[in-house]
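Enquirer: This is the structure, below, for whatever I ask next.
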Amino acid sequence: MEKELINNLWEEITKAKNITLVGHRKPDGDALGSMCAMKMWLASLGKEVRMACIDKPSARYKFLPCMDKIENDLHLEDCDLLIVLDCGAHYMTDFHQKYPEIIASNQGEDVVLPIVNIDHHASNDNFGHLNLVDMSAASVTMILYNIFTYLDVEIGPEMATCLLTGLYNDTGSFMHSNTSRDVYMIAADLLAQGAQISPISRNLFKSNSVSTLKLWGKALMNAEVTDENFVVSVVRESELIEGEDPDQLGGVIDYLNMVPDVDFAMLIKEDRGHIKGSFRTRKDDVDLSKMAALYGGGGHPKASGFSIPGHLAD
Ligand SMILES: [Mn+2]
């Protein structure tokens with residue numbers, strides 16, 4: 001991350017009194033970990049901070065501090081700075097339809113409310129007034145770690161747990177190919193600063209209800225390898241029984257991606273009038289963010305997704 005960008009961020013924060021942090025829809029451990037860490041830092045500087053995600057965080061993140069402070073709408077009456085975290089595009093917040101004059105694709109000269117965009121998705125389109133986008137970072141919390149280190153911020157155990165949560169989430173518990181030497185070094189330093197790893201590993205990757213496991217079973221049963229050499233599985237709405245939610249399928253794609261020698265894995269699910277796809281690959285020469293972009297989605301070269309309105313034909 002260029003020092004100048006961090007200095008610009010510091011300037012924006014110094015000018016602002018009321019700051020709102022926004023994460024993406026269906027917030028994950030990186031979005032929530034970065035929001036919490038950011039909130040704690042800004043609060044220590046005497047800022048008034050609000051946090052918003054359009055979807056309620058999953059109960060699995062209850063161990064993070066200040067989860068109960070996250071609102072599902074923007075309250076911008078007094079707000080003078082928005083910081084958007086872990087969003088590859090403005091519409092990932094899902095607040096763009098309700099607040100089109102504020103959450104827009106490109107902030108030109110006539111800015112209503114400045115947006116700082118802190119993100120690591122390769123598909124990020126620099127929608128903010130100030131853009132701290134580092135696609136070499138494994139997580140947004142890794143970018144925040146670098147910012148805090150540069151600014152000499154005292155991290156402390158709670159913030160360290162938040163930052164480690166994002167790192168743990170976005171590296172798939174240190175198993176994805178983005179688990180670099182820097183990731184281990186930062187994780188080690190966060191542990192040294194008091195981060196608690198056991199609630200993270202227990203809640204993020206070792207906790208699922210029976211209904212989730214059964215739904216995963218359906219996705220795994222439906223898997224096949226195509227003639228084009230990729231693994232695909234489809235879960236239709238008609239296969240869901242009472243109480244099963246397509247959201248529970250998050251995570252099963254990593255199992256499909258275990259099949260050796262295929263080019264990539266794809267999971268398609270019907271979800272309340274939308275067809276949602278997830279892609280994963282272990283190959284270095286496959287760029288799945290481009291593939292998802294064909295369907296209006298985005299993400300990383302090795303992990304991407306899309307959502308289009310409609311239902312699956314038979
Ligand atoms: Mn992320």
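Enquirer: Can you work out ³J(HN,Hα) from phi for every residue in segment 33-50, in order, using Karplus 6.51 cos²θ - 1.76 cosθ + 1.60 and θ = phi - 60°, giving whole Hz and x for Gly and Pro?
Expert: Per-residue couplings from phi come out as x, 6, 4, 5, 5, 5, 4, 5, 5, 5, 5, 5, 8, x, 7, 7, 10, 10 Hz.
Enquirer: Classify segment 185-314 from the C-alpha gyration tensor, please: rounded if a/c falls under 1.5, else prolate or oblate depending on whether a/b exceeds b/c.
Expert: Note, shape of segment 185-314 comes out oblate.
Enquirer: Which distance in Å, rounded to a whole number, links the C-alpha centroids of segment 256-310 and segment 227-247?
Expert: 14
Enquirer: Next question. Quick one: helix 181-192 against the long Cα principal axis of the chain, what's the angle to the nearest 10°, folded into 0 to 90?
Expert: 60
Enquirer: Reachable aspartates and glutamates from Lys283, Cα under 12 Å, same-chain residues fewer than 8 places away excluded?
Expert: Counting by Cα, and skipping residues close in sequence, Lys283 has these aspartates and glutamates nearby: Asp261, Asp263.
Enquirer: Apply 1/(1 + (r/R0)^6) to the Cβ-Cβ distance of Asp182 and His75, taking R0 = 41 Å, and write down the FRET efficiency to the nearest 0.05.
Expert: According to the calculation, E is roughly 0.65.
Enquirer: A 31 angstrom limit on the alpha carbon distance is what I want to check against. Which of Lys56/Lys269; Lys47/Lys269; Lys3/Lys56; Lys47/Lys98; Lys62/Lys269; Lys3/Lys269 exceed it?
Expert: Beyond 31 Å between Cα atoms: Lys47/Lys269; Lys3/Lys56; Lys3/Lys269.
Enquirer: What's the local net charge at Met175, with K and R +1, D and E -1, over the other residues with C-beta under 13 Å away?
Expert: Here the charged neighbours net out to +1.
Enquirer: Taking the Cα centroid of segment 5-65 and of segment 110-172, what is the distance between the two, rounded to the nearest whole Å?
Expert: 10
Enquirer: While we're looking at this one, here's another question. Which cross-chain or sequence-distant (5 or more) residues have an amide H under 5 Å from the amide H of Ile275, H modelled 1.01 Å from N in plane?
Expert: Hits under the 5 Å cutoff: Ile308, Gly310.
Enquirer: Once you've got the Cα coordinates, tell me which of Lys39/Lys290; Lys26/Lys69; Lys26/Lys276; Lys39/Lys69 are over 22 Å apart.
Expert: Violating the 22 Å limit, Cα to Cα: Lys39/Lys290.
Enquirer: Here's something else I'd like to know. Whole number please: convex hull volume per residue of the Cα set in the chain, in Å³?
Expert: Residue-normalised Cα hull volume stands at 138 Å³.
Enquirer: Give the separation of the Cα centroids, segment 83-103 to segment 193-225, in Å.
Expert: So the two Cα centres are separated by 28 Å.
Enquirer: What order do you get for Asp28, Asp119 when you list them from fewest to most C-beta neighbours inside 10 Å?
Expert: Taking fewest neighbouring Cβ atoms as first place, the list is Asp28, Asp119.
Enquirer: Tally Lys and Arg at +1 and Asp and Glu at -1 over the other residues with C-beta under 15 Å from the C-beta of Val286: what net charge comes out?
Expert: -1
Enquirer: Could the peptides 134-141, 260-267 be put in order, highest first, of the mean number of other beta-carbon atoms found within 10 Å of their residues?
Expert: Descending packing order for the listed peptides: 134-141, 260-267.
Enquirer: In addition: 5 Å is the cut-off here: which amide hydrogens, built 1.01 Å from N in the peptide plane, fall below it relative to Asn131, excluding neighbours closer than 5 in sequence?
Expert: Correct list: Asn117.
Taken together, the values in this text are just the output of simple stated rules run on the coordinates, not laboratory data. Bear in mind the structure is a predicted one, so any value in this text is a computation, not a measurement. All Cβ positions, glycine included, derive from the backbone under ideal geometry; neighbour counts span all protein chains shown.
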